[in-house]
Amino acid sequence: MAGGILAPLDGSALAMQALPYAAYLARRCRAGLLLALVVGDRERPTADEAAARAQLAAAARRLRAAGLAATTAIGRGPPARSLARLLRARAPALLVLATHGRSGPSRWALGGVCEQVLRASPAPVLLLTPRALAAGAPERLGRRLVVPIDGSELGRGVYPVVQRLARQLGDGVTLVRAVEPAAVWAASEAGSAAGGALPPDLLPAIETNLRRGLER
């Protein structure tokens, strides 16, 4: 995986819980791992910042001891802006990001920093919520991938990323297409003429057409 995997930390326990997921993916994809910490612009670091730096260095040492190519980077300034600069400069293949890490020098929050990073990131993002982190071991990332699709050109743009991950993680892919039959019928010429009443054979016909598209 060219470019490696970027795993930002913020000094919180939640952010550290995402590291095993980043490490698992780095090992399976034979990729390097970049641990990043964003700190403020203060001349003298606070106690929280000093602790976060120590946490970053210790995490990198443990990963190297486990045989992974782990490096570190320090960014300064607003978290979202600093991470955006790191993403542009390092061009990682994947960003592994935990949400709701509200402690530490950067005070990350899903509704703020995380959303900005999601919108600005040129790399695919693995977003790990507390519920996802508590649901099982990182090895479950090696299970079948589930990919919702909508038939659009934008939706099809995810296929190369899915193919690469499926090959490197060693499992299959399930494509999922959701549809609202009433909306499909109401938008059709026949549905408009019928006043919106659903014909009994509508759902099988829609499913048949969608399955043909999924098979293609």
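Brief remarks on what is shown
- Some residue of segment 53-60 being surrounded by fewer than 24 Cβ atoms within 10 Å (Cβ to Cβ) and touching a Lys or Arg at 6+ places or on another chain (Cβ under 9 Å): no
- At least 2 residues being over 21 Å from Arg140 (Cα atoms) is the threshold, and among the strands (runs of 3 or more DSSP E) wholly inside segment 1-100 those reaching it are 5-9, 33-39, 70-76.
- Taking segment 163-199 as the range and being out of contact with any helix residue (DSSP H, G or I) (no Cβ under 7 Å at 6 or more places or on another chain), modelled with pLDDT of 75 or more and not in a helix (DSSP H, G or I) as the test, the residues that pass are Thr174, Val176, Ala178, Glu180.
- Per-region count, segment 121-161, residues assigned to a strand (DSSP E or B) and surrounded by 11 or more Cβ atoms within 10 Å (Cβ to Cβ): 8
The values are calculated or read from the model by the stated rules, or taken from the named source; none is laboratory data. Model, not experiment: these values are computed from the prediction. No Cβ is skipped: glycine too gets one built from the backbone with ideal geometry, and neighbour counts run over all protein chains shown.
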